[in-house]
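Engineer: Have a look at this one.
The values are calculated or read from the model by the stated rules, or taken from the named source; none is laboratory data. Computed from a predicted model, the values in this text were never measured in an experiment. Cβ: placed from backbone, ideal geometry, glycine included. Neighbour counts: every protein chain shown.
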Amino acid sequence: MLAAGAGPVLDWVFRGRLWRPVLAVGLILISVVNTTLLTLPVGRPGGPVFMIATGPNPDLAAEVGWPGYVDQVGEVVASIPAAQRADTIVLAQSYQQAAALDVLRPANGVTMPAVYSGHNGFWFWGPPPESATDAIVIGNFSPAELATGYAHCKVAGTLQTPPGVDNDLTGTPIHRCTGLRQPWSVLWPQAATFA
């Protein structure tokens, strides 16, 4: 549709008086500025421009705060005794969480354990090794869901986002789980979530 209308619009702009090209350039500039403000995190998180942009585009709030998220998970990793870290993995509820931990590692100077997620394409990278008996589980899992995989789970932290930012990470629990109940060959097919 846009391409079909481009020819007549260009004819109208260039066959008329001087004000037509000036108007066209002005409208293009307004469109570029508005599109940038509404689709990219160019405003300070929590600031007025950011708050206005997240009104029509709430997903924009999910594009900020990832380094802080990784640092918070890193603090939980640092609290695990070094001898237990070899048997520990990170299991994230969403591929976005898992990818941030993979890309932005290490957090707070701590070496992050291997990161896994059953969400979308991350699931296809395969299950954790059978030796991974403990996990840092990030996500809004019910106690029953956690009990399917682990004998003991406790909340080790709650994710905080930057001031003025309310996104899917805000308030997400970080669980420290131990005592794998079933082998990963049984659990991993159940972990797949495609949405």
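Engineer: Select from the range 94-127 the residues that are part of a loop (DSSP other than H, G, I, E, B), closer than 17 Å to Gln160 by Cβ and within 16 Å of the chain's Cα centre (by Cα) and list them in ascending order.
Structural biologist: Pass one, the range 94-127, residues part of a loop (DSSP other than H, G, I, E, B): 94, 104-106, 108-109, 111-114, 118, 126-127.
Remaining after also requiring closer than 17 Å to Gln160 by Cβ: 104, 108.
Leu104 - this is the single residue of the range 94-127 that is part of a loop (DSSP other than H, G, I, E, B), closer than 17 Å to Gln160 by Cβ and within 16 Å of the chain's Cα centre (by Cα).
Engineer: Is it the case, given these coordinates, that Gln93 is closer than 30 Å to Asp134 by Cα, modelled with pLDDT of 85 or more and surrounded by 14 or more Cβ atoms within 10 Å (Cβ to Cβ)? Spell out the reasoning first.
Structural biologist: Numbers: closer than 30 Å to Asp134 by Cα: yes; modelled with pLDDT of 85 or more: yes; surrounded by 14 or more Cβ atoms within 10 Å (Cβ to Cβ): yes.
For Gln93, the condition - closer than 30 Å to Asp134 by Cα, modelled with pLDDT of 85 or more and surrounded by 14 or more Cβ atoms within 10 Å (Cβ to Cβ) - is met.
Engineer: Is the range 72-85 home to any residue that is more than 18 Å from the chain's Cα centre (by Cα), modelled with pLDDT of 95 or more and hydroxyl-bearing (Ser, Thr, Tyr)?
Structural biologist: Checked the range 72-85: no residue is more than 18 Å from the chain's Cα centre (by Cα), modelled with pLDDT of 95 or more and hydroxyl-bearing (Ser, Thr, Tyr).
Engineer: Between residues in the range 22-38 that are in a helix (DSSP H, G or I) and residues that are surrounded by 11 or more Cβ atoms within 10 Å (Cβ to Cβ), which pairs lie under 6 Å by C-beta distance while being six or more apart or on different chains?
Structural biologist: Once the first residue is in a helix (DSSP H, G or I) and sits in the range 22-38, its partners that are surrounded by 11 or more Cβ atoms within 10 Å (Cβ to Cβ) give Ala24/Val13; Leu37/Ala53; Leu38/Ala53; Leu38/Asn57.
Engineer: Does Val103 fit the bill of being modelled with pLDDT under 80 and either among the β-branched types (Val, Ile, Thr) or assigned by TED's automatic domain parsing to the domain that holds Gly118 (or both)?
Structural biologist: The answer is no for Val103.
Engineer: Next question. Does Val70 qualify as being of a type in the set (Val, Ile, Thr), in contact with a strand residue (DSSP E or B) (Cβ under 7 Å, 6 or more places away or on another chain), assigned by TED's automatic domain parsing to the domain that holds Asn140 and under 14 Å from Thr161 (Cβ atoms)?
Structural biologist: Details: of a type in the set (Val, Ile, Thr): yes; in contact with a strand residue (DSSP E or B) (Cβ under 7 Å, 6 or more places away or on another chain): yes; assigned by TED's automatic domain parsing to the domain that holds Asn140: yes; under 14 Å from Thr161 (Cβ atoms): yes.
So Val70 fits the description; yes.
Engineer: For the condition loosely packed, with under 11 Cβ neighbours inside 10 Å and either out of contact with any helix residue (DSSP H, G or I) (no Cβ under 9 Å at 6 or more places or on another chain) or within 30 Å of Ala195 (Cα to Cα) (or both), what is the one hit in Pro58, Pro45, Pro8?
Structural biologist: When all the criteria are applied, what remains is Pro8.
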